[in-house]
Amino acid sequence: MDRTDPLAHFRERFCFPKTKNGENCIYLCGHSLGLQPKTASASLEQELKDWAEFGVEGHFHARNPWLRYHRLLTQQTALLVGAEPSEAVVMNSLTVNLHLMMASFYRPTKQRHKIVVERGAFPSDQYAVKSQICFHGFNPESSLLELRPRDGESSMRDEDVESLIDREGGSVALIMLGGVNYATGQAFDMEGITKAGQKKGCRVGFDLAHAAGNLPLRLHQWGPDFAVWCSYKYLNGGPGCVAGCFVHQRHACAWDLPRFAGWWGHDEARRFEMGPDFHPMMGAEGWQLSNPPILALAPLRASLDIFAEAGMNRLRAKSVSLTGYMEFLLRQQPSSEFSLITPSEPERRGAQLSIRIRRNGRTLCNQLAMAGIIGDWREPDTLRVSAVPLYNSYRDVYRFAKQFFPALEPE
Ligand SMILES: Cc1ncc(COP(=O)(O)O)c(C=O)c1O
């Protein structure tokens, strides 16, 4: 499979952490922090060099003038999430963008004040939505609606999500779900959820931290009001890299929509007139606050170039195959010591498999790490591993499975 894989050579473009013997680790942790593209340092050094050479004039005279630098990332970002360029912007960090979006799209009233989230959403999302509910004077006890799997099941059924929206939709102000759940790896039917929510008059937003660069996305077509994501997981932008934000075109000129303003969201033709009144730019750029951190955007640019070359559809085809192979191998030796909690259907998951370990899972994860296999552990009982199509091989997956079984506790 590796020999016939048309994307196999992309692996050479990444820096791999090494084992004690100096060999490449088997890196299965792209759902947490993607690997560094080898071109990232040149991209970053260019900006350091231009800063040294030009000082403040770099805003205009750097090879890539900083004043418009973030736009160099717009086209490719939009392509990755299936947006029009005017709907996408790279800015801030994920949780900040989530708050900015909720400032505009969570407008609770007495009749319609609830936010729908998935139970077990990433803690930052839970804190963000609860704090927004409180900020507006409501109580999470009555305003937070959690989607949960049925008893004895680990993932949510599409029909249960839709029936909850149908039942409760009239009191829901915002549906805010992860495109892919960080713990279980379940991918949601974003199109179906958007349609169901909008039929009931709800606003719909997605946290795509685990979906961007992992699944092909069609945000413009699916039509959620907003989406936010980070760039350090599958997008390989580097630790704490600048995040992304999508605002649907129908809000591009929604000047009456309340928003938190900053000068980088102000009409750029008038930005340097330094006037006191805020006139937002059209589209997603109108939600920007600050001038962006160029040194953090530079590595992300390098990574987006690789994505453009590889193509999301080809990456997804390989991803389905790689993750399917991992599941196949894990199912070869059934044991009561572990179970897969990620859905089996390819359309209900991305690259990640979440494996529930019955006993001493953290020790197992550490043992794998000592053998040069990097996954990660999420309390209380889950090992997460992702075969990432840009830099993982079928051989990586095979070697992981070979180490996994002996590391389990004996039955
Ligand atoms: C699903 C999800 N939401 C939010 C966050 C928080 O991101 P940040 O620290 O970039 O705001 C993460 C981080 O891993 C995440 O996985």
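Among the residues of the range 93-112, those that are touching a helix residue (DSSP H, G or I) at 6+ places or on another chain (Cβ under 7 Å), open to solvent by less than 50 Å² (accessible area, probe 1.4 Å) and within 16 Å of the ligand (Cβ to nearest atom) comprise Thr95, Leu98, Leu100, Met102. Taking residues in the range 261-289 that are part of a loop (DSSP other than H, G, I, E, B), and partners anywhere that are of a type in the set (Ser, Thr, Tyr), the pairs with Cβ atoms closer than 7 Å and at least 6 places apart or on different chains are Gly262/Ser290; Met282/Ser86; Gly283/Ser86.
No other residue among Pro258, Pro239, Pro293, Pro280 is closer than 27 Å to Asn392 by Cα, open to solvent by 10 Å² or more (accessible area, probe 1.4 Å) and of a type outside the set (Val, Ile, Thr) apart from Pro239. Considering only the range 176-194, state which residues are out of contact with any Phe, Trp or Tyr (no Cβ under 8 Å at 6 or more places or on another chain) and either open to solvent by 40 Å² or more (accessible area, probe 1.4 Å) or over 30 Å from Trp377 (Cβ atoms) (or both). Answer for the range 176-194, where residues must be out of contact with any Phe, Trp or Tyr (no Cβ under 8 Å at 6 or more places or on another chain) and either open to solvent by 40 Å² or more (accessible area, probe 1.4 Å) or over 30 Å from Trp377 (Cβ atoms) (or both): Asp189, Gly192.
The residues of the range 211-236 that are of a type in the set (Phe, Trp, Tyr), surrounded by 24 or more Cβ atoms within 10 Å (Cβ to Cβ) and over 21 Å from Leu35 (Cα atoms) amount to a single one, Phe226. Screening the candidates Glu153, Glu57, Glu87, Glu146 for the property of being out of contact with any Leu (no Cβ under 8 Å at 6 or more places or on another chain) and more than 30 Å from Thr382 (Cβ to Cβ) yields one hit, Glu57.
Within the span defined as the range 157-165, every residue fails to be open to solvent by 10 Å² or more (accessible area, probe 1.4 Å) and in contact (Cβ under 8 Å) with a residue 60 or more places away in the chain. The test for being of a type in the set (Asp, Glu), open to solvent by 10 Å² or more (accessible area, probe 1.4 Å) and closer than 27 Å to Arg150 by Cβ does not hold for Glu409. Flag: His31 does not match the condition of being assigned to a helix (DSSP H, G or I) and either open to solvent by 30 Å² or more (accessible area, probe 1.4 Å) or touching a residue at least 12 places away in the same chain (Cβ under 8 Å) (or both).
Taking Arg250 as the residue in question, decide whether it is under 25 Å from Tyr106 (Cβ atoms), surrounded by fewer than 14 Cβ atoms within 10 Å (Cβ to Cβ) and within 16 Å of the chain's Cα centre (by Cα).
Values: under 25 Å from Tyr106 (Cβ atoms): yes; surrounded by fewer than 14 Cβ atoms within 10 Å (Cβ to Cβ): yes; within 16 Å of the chain's Cα centre (by Cα): no.
In short, no.
Please list, ordered by first then second residue, the pairs with beta carbon atoms under 6 Å, 6 or more apart or interchain, first in the range 351-379 and closer than 17 Å to Thr184 by Cβ, second surrounded by fewer than 21 Cβ atoms within 10 Å (Cβ to Cβ) and basic (Lys, Arg). Partner pairs satisfying both residue conditions: Trp377/Arg362.
The values are calculated or read from the model by the stated rules, or taken from the named source; none is laboratory data. Predicted model only: the values in this text are computed from it and were never measured. When we count neighbours, we look across all protein chains shown, and the Cβ atoms used for this are built from the backbone with ideal geometry, even at glycine. What goes into the accessible areas is simple: the full protein's heavy atoms, side chains included, and nothing from ligands, DNA or RNA. Shrake-Rupley method; radii C 1.70, N 1.55, O 1.52, S 1.80 Å.
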